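The values are calculated or read from the model by the stated rules, or taken from the named source; none is laboratory data. Please read all numbers here as calculations on a predicted model, not as lab measurements. Here Cβ is always computed from backbone atoms with ideal geometry, including for glycine, and neighbour counts include all displayed protein chains. Note: accessible area is taken over every heavy atom of the protein model, side chains too, but ligands, DNA and RNA are not part of it. Shrake-Rupley method; radii C 1.70, N 1.55, O 1.52, S 1.80 Å.
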Amino acid sequence: MQIRTYLAPFLLGTLLAVTACEKIDDGDLNASGSQTAASDGQTSSGGDAGNDNGGSSGIAVKTLEVQSDGTLLFPSENHVRLLDATDEAPAIYVSLYEWHDILGSEVETAGEYAEKYSEGGLRGWRIPTKEECKAIKARYYSSNDGTKDNLNEALTSLNSEIESYGGVGLRAWQIKDNHPAYRYFCEEGTYSFSLKQGSNTTKVGAKQKYNLRLVRDENQ
């Protein structure tokens, strides 16, 4: 029996569905499929099950399609602006897709996702910088009591737009007792930040799990 290597990365915290498999003359297999976010209480109906951390639009969450060249394609021609342009920095988009539960020791994997991610054919995505995270927190931070009523209005609006395009909204806290901060990678994966009010930007721990949301300069 001949074993072949799957070249595109499997995504942590996702389900992979192979929908077609074709044998060709030299013995290789061509496969096509998709990857669907489904972890930490997240459902496929657009939003989170059992929490008020961002709300739900009722729009079905789209899947991430793995292309034959390894590209991770999110099928949307729409993009969401995360931050407006300033004198010092351009406006940036936020990815509609999110990866979950990546160990701090596996930050290189997060970098590979950024390199391969495509949103409706738009490439050039990256992990946000610490300076960008400061601006993101200042605009979208939310209260720490775990109730939707105290979500930052800007975050609620942002998540509604993301979900309207089949993406998953950003989160501030985890679905656990005491609502601990929900942390995202930043600064090339060496630091992490949270939208939970009062949380700090801290160095990444090798054995801790983090989440990945990508950004892209709007006019690059």
Is it the case that some residue within region 118-130 is more than 13 Å from the chain's Cα centre (by Cα) and open to solvent by less than 10 Å² (accessible area, probe 1.4 Å)?
-> no
Select from region 190-220 the residues that are among the aliphatic types (A, V, I, L, M) and part of a loop (DSSP other than H, G, I, E, B) and list them in ascending order.
-> LEU195, VAL204, ALA206, LEU214
Quick check: anything in region 134-151 in contact (Cβ under 8 Å) with a residue 40 or more places away in the chain, under 14 Å from VAL94 (Cβ atoms) and in a loop (DSSP other than H, G, I, E, B)?
-> no
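State which residue is farthest from the chain's Cα centre (by Cα) when the search covers only region 171-193 and only residues that are modelled with pLDDT under 95 and crowded, with 16+ Cβ neighbours inside 10 Å. Don't jump to the end; show me each part of the working.
Step one: list which residues in region 171-193 are modelled with pLDDT under 95, which gives 171-182.
Keeping just the survivors that are crowded, with 16+ Cβ neighbours inside 10 Å gives 171-175, 179, 181-182.
On the way: ARG171: 10, ALA172: 13, TRP173: 15, GLN174: 15, ILE175: 17, HIS179: 20, ALA181: 16, TYR182: 12 Å.
That would be HIS179.
Residue-by-condition table, conditions (1) at pLDDT below 95; (2) under 22 Å from LEU64 (Cβ atoms); (3) open to solvent by 20 Å² or more (accessible area, probe 1.4 Å):
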{"site": "TYR141", "(1), (2), (3)": "yes, no, yes"}
{"site": "GLY146", "(1), (2), (3)": "yes, no, no"}
{"site": "ASN152", "(1), (2), (3)": "yes, no, yes"}
{"site": "VAL168", "(1), (2), (3)": "yes, yes, no"}
Among the residues of region 91-101, is any open to solvent by 70 Å² or more (accessible area, probe 1.4 Å) and either in contact (Cβ under 8 Å) with a residue 40 or more places away in the chain or in contact with a Cys (Cβ under 7 Å, 6 or more places away or on another chain) (or both)?
-> no
Where residues in region 81-90 are of a type in the set (A, V, I, L, M) and surrounded by fewer than 20 Cβ atoms within 10 Å (Cβ to Cβ), which of them is modelled with the highest pLDDT?
-> ALA85
Take GLU188 and decide whether it is at positive phi and not small (Gly, Ala, Ser).
-> yes
